[in-house]
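Reading through the structure tokens given below for one structure.
The values are calculated or read from the model by the stated rules, or taken from the named source; none is laboratory data. Fair warning: this is a prediction, and the values are worked out from it, not measured in the lab. With ideal geometry, Cβ positions are generated from the backbone for all residues, glycine too; neighbour counts draw on all protein chains shown.
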Amino acid sequence: MPRIVCLERDSIIAELRRPAVPHEWVEYAKTAQADAEARLAGAEIAIVNKRVLDAGLLARLPALKMVAVSATGTNNVDLDACRARGIVVSNIRGYAVHTVPEHAIALMLALSRNLMAWRESVQAGRWQQSEQFCYFDHPIRDLHGATLALVGSGSLGDGVARLAEAFGMRVLRAERKGAATCRAAYTPFAEALATADVVSLHCPLTPETQHLIGEAELRAMKPSALLINTARGGLVDEAALVRALQQGWIGGAGFDVLSKEPPRDGNPLLAPELLAQPNFLLTPHVAWSSRPAMQALADQLIENIEAFMRGEAQNRVA
């Protein structure tokens, strides 16, 4: 009977039914990286979210046959090592097609309309002291008529495009950075950055996309442009982003992710003076976690495992 070990049950705030096939189920609310090997000993199927399964750890887990990642991103798993050892890896797809795009649009709206600055001014008593029914201390921009550049065109990018077009935005799909040719209906990467009023990231984190947005790219954007990242923190050089916000290379940024999570040892984007700026919004990687989306994730996770146990391929990345 296959042994299934779930290392991070608390990361799934939803009902997680058991696979409808004979099995042994073991789950842990959370697992420190140092404990992963001991807890996965003898497991044929590992359920992980953020715990790292590198080549060294995989080599010490001879019984492992499948890694079921309870997320879309799989950068925490060494896929090449899994392929070499014949370990199947599956991920979750399409579950966040509403919740992540809505969060991305919410960040765009909050920054475009300067909601944080307005809230702070009301808290400070500015409205109460106004000589008329309103005041105009902070600029407000509409999404309608603005140009959005999407970097990454999967289901989440498509979801953002759908909502953005409903707001009346012009949507560009950026070609891959450094691509020799540009696909039909895509815009060269550099042109998309220079043209956009908002740049929204929806691509996976890979060696090729690490620091996809660095100082050169931030300087190439409009001084009024917004950068939205609900994908992976490592896509952006965070130190360069701090300089961009402090020195006005771009107009603002809305992030739901950091390069290391949770940020135990600090992060330049957590500096109090930066968090106090109304043109920077940071949320703690929750764009994906609406209750309906979480339940869809949990259901698909078990379906992936059941398919594997039937000898079928579903959502395989390795």
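Here are some notes:
- Residues within the stretch 3-21 that are over 26 Å from Ser289 (Cα atoms), in a loop (DSSP other than H, G, I, E, B) and modelled with pLDDT of 95 or more, tallied: 0
- Selection over the stretch 131-168 of residues that are in contact with a His (Cβ under 7 Å, 6 or more places away or on another chain) and over 22 Å from Thr209 (Cβ atoms) gives a count of 2.
- Within the stretch 172-222, the set of residues being among the acidic types (Asp, Glu) and either farther than 16 Å from Glu238 by Cβ or in a loop (DSSP other than H, G, I, E, B) (or both) comprises Glu175, Glu191, Asp197, Glu208.
- Being assigned to a loop (DSSP other than H, G, I, E, B), hydrophobic (A, V, I, L, M, F, W, C) and free of Cβ contacts under 8 Å to residues at least 40 places away in the same chain is a property that Val242 lacks.
- The numbered conditions (1) part of a loop (DSSP other than H, G, I, E, B); (2) of a type outside the set (Lys, Arg); (3) not assigned by TED's automatic domain parsing to the domain that holds Leu156 are all true for Glu261 except (3).
- Taken over the stretch 36-59, the criterion of being under 20 Å from Pro262 (Cα atoms) and not in a strand (DSSP E or B) is satisfied by Ala36, Asn49, Lys50, Arg51, Val52, Asp54.
- Among the conditions (1) surrounded by 15 or more Cβ atoms within 10 Å (Cβ to Cβ); (2) at pLDDT 95 or above, the only one that Thr283 does not satisfy is (1).
- Pairs, first at pLDDT below 95 in the stretch 44-59, second not in a helix (DSSP H, G or I), C-beta under 9 Å, six or more apart: Lys50/Glu8; Lys50/Ala71; Lys50/Asn76; Lys50/Glu261
- Residue identified as within 24 Å of His285 (Cα to Cα), of a type in the set (A, V, I, L, M, F, W, C) and at pLDDT 95 or above among Ala166, Ala149, Ala194: Ala149
- Leading residue by the ranking (nearest to Pro292 (Cα to Cα)) among those in the stretch 61-88 that are assigned to a strand (DSSP E or B) and out of contact with any Lys or Arg (no Cβ under 7 Å at 6 or more places or on another chain): Val69
- Residue list for the stretch 94-136, restricted to those being without any contact (Cβ under 8 Å) to a residue 40 or more places away in the chain, in a helix (DSSP H, G or I) and of a type outside the set (A, V, I, L, M): Trp118, Arg119, Ser121, Gln123
- Filtering the stretch 265-306 to residues that are without any contact (Cβ under 8 Å) to a residue 12 or more places away in the chain and either touching a Phe, Trp or Tyr at 6+ places or on another chain (Cβ under 6 Å) or of a type in the set (Gly, Ala, Ser) (or both) leaves Gly266, Ala276.
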